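Just below is one structure, and these are the notes that go with it.
Where a number appears in this text, it was derived from the coordinates with a stated rule and is not lab data. Since the structure is predicted, the reported quantities are computational estimates derived from the model, not experimental observations. Note: ideal-geometry Cβ built from the backbone for every residue, glycine included; neighbour counts use all protein chains shown.
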Amino acid sequence: MTRGTHSLRWRLVRRLIALQAALLGLVLALVVGLLWASGSLMALESEDAVFDALREAVVRDAGGGLAVRATSALAAVRASAPDLWFVVRDAQGHAVSEGDVPPEYARIGGALDAIGQARLGWNLGDPARPTAHVRRIDTPAGTVHAMTGPGGAIPLRRVVVALLTVLATLVLPAGLVMALATLVATPLVVRRGLAGLDRAAADAARVDVARRGTRLSTTDVPVEAMPLVDAVNDALDRLDEGHARQRRFLADAAHELRTPIAILQTRIEAGAAKPRLLEDVARLANLAGQLLDLQRLDERVEAFSAIDLAELARGVAAEMAPLAITAGYGIAVEVDGPVRVDGDRAALERALTNLVQNAIRHGGGRGTIGLHVHAGGTLDVTDEGDGVPAEQRERIFEPFHRAHPDARGAGLGLHLVRETLRHHGGRVDVVDAASGGACFRMSFPRPEPG
């Protein structure tokens, strides 16, 4: 993994663990809150301090009755609860009390002697009603029943001890089990969820120029990653198609070069006249130039500029006029209006020249070759020959294709025209000319009025 990159798997694991830890913490906080609110589950009650103090303070007096001696614990309770009251009874009916006992509980007497522990007066409908807590406790005077109302504030030490007890006995074990399950299960779940991407990555590692046809597996790939996998597979399809097209092109180029070289070698050995040799050399030079033009199209860095199509058409017509007149044609330029396009001027000049040369070669040696610039951003090259059969109108743009087997050209001119227009975002089509011949139409995107 290179510097600056991150593992998606571990990023998901960390985030899921963090989320689950946060949820676990929230659950623990809720549990502790509920335990705190329910008091009895944590054995934290304000009366506890009173009962603990009475366990040491209740003794027998000289007559065998009950008495309360002064202790530091009882003094602390009295200080924290100025309204403290309690009633202590034994099984023999002896009793001792302190504070203002609510009338509701002063008349109870020994009615609760058989009860080990009870809460009295808890009525949500009447929050002003006094409450009491009854508990059987062991004291120096023996086992007695003590009843008291709410005591003072619960000491912080007891809160901490009770909280730690609950955490250690209930919350912590549950939290450890949940944390362990999270740490173990989350990576496994994420790993299984990304297994499809692992297979796709393994397929990508096997992609090689010598192993064309390899595609990334889409089995179990998450739907969020499917567009990326599909895009990579589409790109591999285009690369394979381009590679196959390139191989065919190289094979055809080798064949096309072999033939004129063999002819030239034969004529040299036979002592052919200089004009014939120069013609063969010119044919080789033209083929080499067209191959270089195709290579330059593939490697060209776009540096387009505004081009006036009318000016371009007039310039090419002026250059090609001597050749067209010599071959028996007239040449004419018609412009509906100035149209400007963005493009590579030199490449478009070569493309338009190839179309005019094609018209000279296949126009039947008669009539006029026309260059017509339309305001809609098209440029037509027409002749008055026999035209192009409908079944040939796509094939003639293939590299090294010749409409006539005995033609002397390499079959690259029209292919160059199509690739040049494609490079400019346009296209070239063959339609019927009004004169009955062929019409090659160059169409450009987004033309601008001159």
- Query: Under a plain spin-label model, where a point goes 7 Å from the Cα along Cα-to-Cβ, how far apart in nm are LEU277 and ALA346?
  - Reply: 3.2
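Would you list TRP10, TRP85 from fewest to most Cβ contacts within 10 Å? Could the numbers behind the result be given before it?
Numbers: TRP10 11, TRP85 20.
Fewest-to-most ranking of TRP10, TRP85: TRP10, TRP85.
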- Query: How many times 2.2 N^0.38 Å is the alpha carbon radius of gyration of segment 302-449?
  - Reply: 0.97
- Task: Nearest 5 is fine: what % of DSSP beta bridges in segment 302-449 come out antiparallel, could you say?
- Result: 80
- Whole-angstrom Cα spans of segment 313-397 along principal axes, big to small: 33, 31, 23
- Mean Cβ-within-10 Å packing, highest first, puts peptides 336-347, 220-231 in the order 336-347, 220-231
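Using a 10 Å cut-off around each Cβ, can you sort PHE51, PHE444, PHE304 from fewest to most neighbouring Cβ atoms? Mind showing how you got there, number by number?
Working: PHE51 18, PHE444 23, PHE304 14.
With the sparsest Cβ surroundings first, the list reads PHE304, PHE51, PHE444.
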- Query: Rg and Dmax of segment 45-153, using alpha carbons, in Å: what are they?
  - Reply: 13.3, 46
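Show me 59-68, 95-104, 268-277, 434-443 ranked by packing, highest mean number of other Cβ atoms within 10 Å first. Kindly include the intermediate steps, with their values, before the conclusion.
Values: 59-68: 13.3, 95-104: 15.0, 268-277: 10.2, 434-443: 19.3.
Ranked from most to least packed, the peptides come out as 434-443, 95-104, 59-68, 268-277.
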- Query: Can you list the HN-Hα couplings for segment 433-440, worked out from phi with the Karplus curve (6.51, -1.76, 1.60; θ = phi - 60°), rounded to whole Hz and with x for Gly and Pro?
  - Reply: 7, 4, 7, x, x, 9, 10, 9
- 1/(1 + (r/R0)^6) with r = Cβ-Cβ of GLU241 and ILE325, R0 = 51 Å, i.e. FRET efficiency to nearest 0.05, evaluates to 0.70
- Task: Give me the net charge of ASP113's neighbourhood, meaning all other residues with Cβ under 10 Å from the Cβ of ASP113; Lys, Arg count +1, Asp, Glu -1.
- Result: +1
- Item | Inter-label distance, nm, simple model (7 Å from Cα along the C-beta direction), ALA174/ALA390 | 8.1
